[in-house]
Amino acid sequence: MLGLLETFTLHPDELDANRIRAVLATGVTREGIRDAFYVAFLFNTYDRLADTLSWELPGQRYYDMAGQRLLKKGYL
């Protein structure tokens with residue numbers, strides 16, 4: 001799946017049915033591939049926005065607090 005996501009992100013012109021079939025043959029479901037593509041698409045979009053708009057990363061303290069909040073409450 002990671003190789004397929006790399007192709008999806010860096011070489012989309014090389015993405016074809018054979019690459020999808022190879023991942024399906026390993027046991028990954030169609031839904032799993034779809035979900036991974038959705039996540040990669042969103043991440044790639046956010047990453048490009050961050051680069052374009054020169055977003056700055058918060059400090060380590062923020063990540064420590066956010067991590068604790070996620071452990072207690074989850075993502076939703």
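Residue by residue through region 55-65, note down the ones that are among the hydrophobic types (A, V, I, L, M, F, W, C) and at pLDDT below 95.
Within region 55-65, W55, L57 qualify.
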Using beta carbons and a limit of 8 Å, which pairs, at least six apart or on different chains, have the first residue in region 16-27 and surrounded by 14 or more Cβ atoms within 10 Å (Cβ to Cβ) and the second one part of a loop (DSSP other than H, G, I, E, B) and aliphatic (A, V, I, L, M)? V23/M1
Among the residues of region 27-44, write down those that are among the aromatic types (F, W, Y) and out of contact with any Leu (no Cβ under 8 Å at 6 or more places or on another chain). Y38, F41, F43
Of the conditions (1) surrounded by 10 or more Cβ atoms within 10 Å (Cβ to Cβ); (2) out of contact with any Lys or Arg (no Cβ under 7 Å at 6 or more places or on another chain); (3) not hydrophobic (A, V, I, L, M, F, W, C), T7 clears all except one; give me its number. (2)
Among the residues that make up region 43-55, is at least one of them open to solvent by less than 80 Å² (accessible area, probe 1.4 Å), under 19 Å from M1 (Cα atoms) and of a type outside the set (G, A, S)? yes
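The values are calculated or read from the model by the stated rules, or taken from the named source; none is laboratory data. Remember, it's a predicted structure, so these values are computed and weren't measured experimentally. Positions of Cβ are backbone-derived with ideal geometry, glycine not excepted, and every protein chain shown enters the neighbour counts. These area figures cover heavy atoms from the full protein model, side chains too; ligands, DNA and RNA do not enter into them. Shrake-Rupley method; radii C 1.70, N 1.55, O 1.52, S 1.80 Å.
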